[in-house]
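Note sheet for the following structure.
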Amino acid sequence: MWAALAAVGRDPDTGGYRRGGWTPTEREATHWFLDQCATRNLTVESDGIGNLVAWWGPSDAAGVVTGSHLDSVIDGGAFDGPLGVVSALAAVDLLRAEGFEPSVPIGVGAFVEEEGSRFGMPCLGSRVAAGVLPASRALALKDRSGVSLAAALETAGTDPAGVGPSPLLERMGTFVELHVEQGRGLTAPVGVASSIWPHGRYRFTFGGEANHAGTTLMEDRHDPMLTYAMTALAANKQARLAGARATFGRLSVEPNGTNAVPSQVTAWLDARAADDATLESLLAAITKQATERAERDGTTLEVVPESVSPVVDFPAGLRDRLVDVLDGAPVLPTGAGHDAGVFSAAGIPTAMLFVRNPTGISHSPAEYAEMDDCLAGVDALAAVLKDLAK
Ligand SMILES: [Zn+2]
């Protein structure tokens with residue numbers, strides 16, 4: 001399975017994956033998934049936005065759902081997402097080979113546009129499914145080319161009218177997502193998640209005055225790039241002081257000419273912290289410094305939150321049950337967002353398994369996990385599914 005999926009959406013120049021939601025490469029990965037489900041005689045159910053759950057089991061009652069996502073960030077790694085889907089299918093194979101017969105259905109899920117790399121909204125599929133993102137707002141989201149989600153769905157042959165809260169969740173009695181760990185915090189092959197840090201994406205718009213790079217005196221400028229530059233430094237410093245994370249990873253400059261003072265800089269801040277209060281004070285501190293700098297530069301600043309997800313503490317009872325099944329696997333929090341966080345916040349008993357990442361690198365072509373650790377992840381997931389579906 002891993003070898004078959006490896007080439008899908010991989011950029012030959014960067015070695016990274018480009019599987020934005022509803023792009024041809026992401027659709028190819030989805031068709032691969034559907035083929036795998038058909039081979040295993042799993043019954044696939046889809047919801048309006050295109051989330052998929054493939055069922056193995058004795059009835060159409062609620063059951064245990066596992067799985068993850070097949071889309072990627074721009075130039076992402078091979079493991080973030082697909083490892084959870086492949087491991088889920090492999091765990092089903094393992095349980096069947098053992099002759100295990102589940103007393104409740106086991107579902108293998110693939111959830112769309114988890115990374116938000118195309119439409120800017122992380123966990124887009126699960127947020128819509130859980131009803132926390134209204135269909136009207138989701139369908140109006142636009143990608144960088146100005147294509148709306150509604151138009152992208154139509155191109156993919158999906159009727160946008162069906163987008164909304166998902167009946168798939170009614171059968172999700174428990175959700176367990178296996179995922180590659182995205183930092184260096186896990187030293188054992190497999191661990192169990194305690195929580196997901198709160199996470200915000202904020203759009204900073206710095207307005208100034210376009211002018212000639214050669215004739216405009218330095219003291220006559222209203223240069224939004226300076227305000228932005230200082231803000232990026234302030235974000236880094238404030239995050240370090242708070243033990244948090246702050247990243248400006250995306251920038252748009254108008255008019256984007258080498259010989260022109262910019263008229264506008266738009267920058268997106270990704271900020272995360274261990275708790276909601278720390279995230280709020282981090283954003284306040286960065287905004288305060290940016291505002292002060294804008295006054296000195298004679299520029300303007302507008303800060304708009306595009307998405308803010310509060311902390312997710314996975315239920316302790318289910319987490320401890322997984323730890324017991326896995327003979328005392330280590331427990332750790334993560335700074336990365338997941339569909340599991342959305343489902344947990346929606347009230348579905350949810351847990352996560354992490355597979356060790358030896359370098360901690362993720363959202364990069366260099367993302368890596370040892371095959372032995374991945375296989376240990378399959379064993380762990382199979383043991384957990386067996387326990388929850390016995
Ligand atoms: Zn992921």
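Based on alpha-carbon centroids, what's the gap between the stretch 205-244 and the stretch 268-296 in Å, whole number please? Their Cα centres are 15 Å away from one another.
Quick check: convex hull of the Cα atoms in the chain, volume per residue, rounded to a whole Å³? Let's see the in-between values first.
Numbers: hull volume 54.0 nm³, N = 390.
Normalising the Cα hull of the chain by residue number yields 138 Å³.
Projecting the Cα atoms of THR266, PRO224, ALA234 onto the dipole axis of the stretch 199-309, where Lys and Arg carry +1 and Asp and Glu carry -1 at the beta carbon, places ALA234 farthest toward the positive end. The phi torsions of the stretch 148-160, fed into the Karplus equation with coefficients 6.51, -1.76 and 1.60 and a -60° offset, translate into couplings of 7, 4, 4, 5, 5, 5, 4, 4, 7, x, 10, 7, x Hz, rounded to whole numbers, with Gly and Pro shown as x. Decide, for the stretch 146-279, between rounded, prolate and oblate: order the square roots of the alpha carbon gyration tensor eigenvalues as a ≥ b ≥ c, take rounded if a/c falls under 1.5, and otherwise choose prolate if a/b is larger than b/c, else oblate. Cα axes put the stretch 146-279 in the oblate bin. Under the criterion of Cα pairs below 8 Å and six or more residues apart, the relative contact order for the stretch 199-309 equals 45 percent. With the helix formula -39500 (n - 2.57) applied to DSSP H stretches of n ≥ 4, the chain reaches a computed 222 nm mean residue ellipticity of -10500 deg cm²/dmol. Over what distance in Å are the Cα centres of the stretch 1-23 and the stretch 363-382 separated? If we compute the Cα centre of each part, the gap is 17 Å. Both radii are taken from the alpha-carbon atoms of the stretch 244-390; with Rh as the Kirkwood radius, Rg/Rh is 1.10.
Convex hull volume of the C-alpha atoms in the stretch 1-139, normalised per residue: 100 Å³.
Give the shape of the stretch 129-183 as rounded, prolate or oblate, defined through the alpha-carbon gyration tensor: a ≥ b ≥ c are the square roots of its eigenvalues, a/c under 1.5 means rounded, and otherwise the shape is prolate if a/b is larger than b/c and oblate if not. Please list the in-between numbers first.
Numbers: a/c = 2.34, a/b = 1.41, b/c = 1.65.
Verdict is oblate for the stretch 129-183.
With an a/c value of 1.5 or above and a/b larger than b/c for the gyration tensor axes a ≥ b ≥ c computed over the alpha-carbon atoms, the stretch 9-70 is described as prolate. Listed by chain and number, the lysines whose alpha-carbon sits under 24 Å from that of LYS288, ignoring those within fewer than 8 places in the same chain, are LYS237.
Bear in mind that the values in this text are calculations on the coordinates, not laboratory data. All values reported here derive from a predicted model rather than from experimental measurement. Positions of Cβ are generated from backbone atoms using ideal geometry, with glycine treated the same way; all protein chains shown enter the neighbour counts.
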